[in-house]
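All remarks here apply to the structure that follows.
No lab work stands behind these numbers, since they all come straight from the coordinates. Please read all numbers here as calculations on a predicted model, not as lab measurements. Positions of Cβ are generated from backbone atoms using ideal geometry, with glycine treated the same way; all protein chains shown enter the neighbour counts.
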């Protein structure tokens, strides 16, 4: 079932946390855009606070509350040098993850998931016969659109403001045009709390996903699930892991079509030179996710 009234108290607390996260992200998003342009000059706290119209102490508290990092540490997390360091041991990341599977010690600090893939016939039907429930929810990375079937989460997208909700919904519904869509924020809210509240990340209660894509896309997305938090791989790494070393461009296309952002961590895929590359929901959001995860790892 998608609704459990016994979770009402925890749900209320998680909603408050998520709402605070949405407000924080709106401010931090502006800061990240600024820092992404100025990171080479290593702007200090006073400079950033002046740009945001905040006192230095308020600015510092905002960052600490948002991801456990100071602005200086976030700048370090956003730099190309940091991205390159994430890639240094990339050769062993996928090999190790492949051996241990999708859960266990390697995902100690990560979001536990369980997933199933739609059959080729179901994929070709383009969602015919499926009922997909959806709702918009606050998250640490802006407004999130959650979509779910009776089997689990089928989609996760983002938009920066309420005015962009229609565009985000249209983008996702185009993927499965024959499905029937029902707005049901109460049902999808359970998944939103499970995804965005780290205190809910438990191996015995994994987030259930429903992956709908071509055979190649499914292989790429399954590989993404094996990248631990705080690590990164390149498109070429994934292609090699799949036994198709010349297919980096095709991998990039499949990564871009990932329908379940953040949970299927396409933000952990970088270019070979360490540059962040693109991101379907905005490069600022990709930077935010990397910085937020760095804070989770630092606090662990």
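Points to keep in mind about this one:
- Förster-model FRET efficiency, 51 Å R0, residue 38 and residue 128, C-beta, rounded to 0.05: 0.55
- For region 84-299, share of DSSP beta bridges that run antiparallel, in % to the nearest 5: 50
- Note on 260, 190, 290: ascending count of other Cβ atoms within 10 Å places them as 190, 290, 260, the fewest first.
- For region 84-299, the C-alpha radius of gyration sits at 0.97 times the compact-globule guess of 2.2 N^0.38 Å, with N the residue count.
- Between region 209-241 and region 125-194, the alpha-carbon center distance in angstrom: 21
- Taking other C-beta atoms within 10 angstrom as a stand-in for reagent exposure, 240, 57 fall in the order 57, 240, fewest first.
- Ranking of 171, 273 by count of other Cβ atoms within 10 Å, fewest first: 273, 171
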